[in-house]
Amino acid sequence: MINAFVLKPKEDEGLKALEAVPAEVPAGCVLWVDAQAPTGDEMEALRARFDLDHYSVEDVLHGGQRPKVEEYGTYTFSVVHLPVADGGKFKVSELFVFFSDRWFVTVHPQRSEALDEVRKRLVARGLSPLSKVPSPDLLYYVFLDFAVDMFYPLLDVVEDDLDALEKRIVGTFRARRRRVEKVTSAMAMMGGVKEKLMVLRRTLAPIRDMLGMIMRGAVPHIKDSSLRNFRDVYDHSFQLIETIDAYRDRASDVRDLHISLVAASTDNIVKVLTIVVTIISPLSLLAGVYGMNFTPGFYEPGSGTAYGFYAMMAGMGALAVGMAYVFRRIGWI
């Protein structure tokens, strides 16, 4: 599906949909052609209309491209990645952009929230307050601005996940029941958080590099007067990457906390078992001695009275309690 719009200098007119792509764009106007999930024939029509290089068209048809900016003589080709929340995971949606001094073409495989927001903004107030005169480079800036801003709500989701993960890990080792299931769930959640951060950084880092090329003036069809607008997006990309790195460090700290709690729990279990064995060992010794058979004429103490067995049990119980009291006093339990 292909839609065409023309952006005029007058703010009150905004975007105007065209029934057909005009042969010539009026002076002072910018033609924007948006293609959603175009067929092969539609891409061929766009290639013929705007004289697109077959290598750039091939990138669009194959997909799976890295964010980049390339010069093709009469126009500039760019690949922009947009982060998308799909259920509990983050995915990447590709946006292909072609622009020259007079026209602007966007191609995307599926409906894009960023494009919808850009269209609403242009209809409402055009490119104001950036400029009263539309230009493809400013339209490209608006797209990059919306693309980078899409990372902020996703990072808020990651921050909430990290808070919930910390609470879950601490609560897991306070509870005794179903501890193994809770540990497994916490580890799965930790893996999901680290995967989200990896997707966000892998998506944003090339966009930052691409903006760096723009700021150096290495991208054609972008006026020097427009670079100050791209500087704002460039700063936002740096801020977002620093936030992502901070969250990655926090996720590593949560993992270290988890490992420390596992080690502490294991040490506590070993300590308890050691104490139990230590207390039972002398009792087992006494039980073994009193259970042995001796030569005639030698009898165990208390074996000649009816209360000997009970006296033996009481003595063993007193020994166990006494050892537990001593361990408590010296701080072992």
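The values are calculated or read from the model by the stated rules, or taken from the named source; none is laboratory data. The structure displayed is predicted, hence computed values, not measured ones. Heads up, the Cβs are rebuilt from the backbone with ideal geometry, glycines too, and the neighbour counts pull from every protein chain shown.
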Inset, instruction - Could you tell me whether any residue of region 282-294 is surrounded by fewer than 11 Cβ atoms within 10 Å (Cβ to Cβ) and among the aromatic types (Phe, Trp, Tyr)? - result: yes
Inset, instruction - Scan region 28-41 and report the pairs whose first residue is within 12 Å of Phe104 (Cβ to Cβ) and touching a residue at least 24 places away in the same chain (Cβ under 8 Å) and whose second residue is outside any strand (DSSP E or B) and among the small types (Gly, Ala, Ser), with Cβ atoms within less than 9 Å and a gap of 6+ or a chain change. - result: Val30/Ser135
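Going by the structure shown, is Ile275 surrounded by 13 or more Cβ atoms within 10 Å (Cβ to Cβ), in contact with a Phe, Trp or Tyr (Cβ under 8 Å, 6 or more places away or on another chain), modelled with pLDDT under 80 and not in a helix (DSSP H, G or I)?
no
Listed residues Asp86, Asp101; which is modelled with pLDDT under 80 and either within 17 Å of Gly28 (Cα to Cα) or assigned by TED's automatic domain parsing to the domain that holds Asp149 (or both)? Walk me through how you get there before you give the answer.
Numbers: Asp101 fails: modelled with pLDDT under 80.
Every option except Asp86 fails the conditions.
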Inset, instruction - Report whether or not Arg231 is of a type in the set (D, E, K, R), in contact with a Phe, Trp or Tyr (Cβ under 7 Å, 6 or more places away or on another chain) and in contact (Cβ under 8 Å) with a residue 12 or more places away in the chain. - result: no
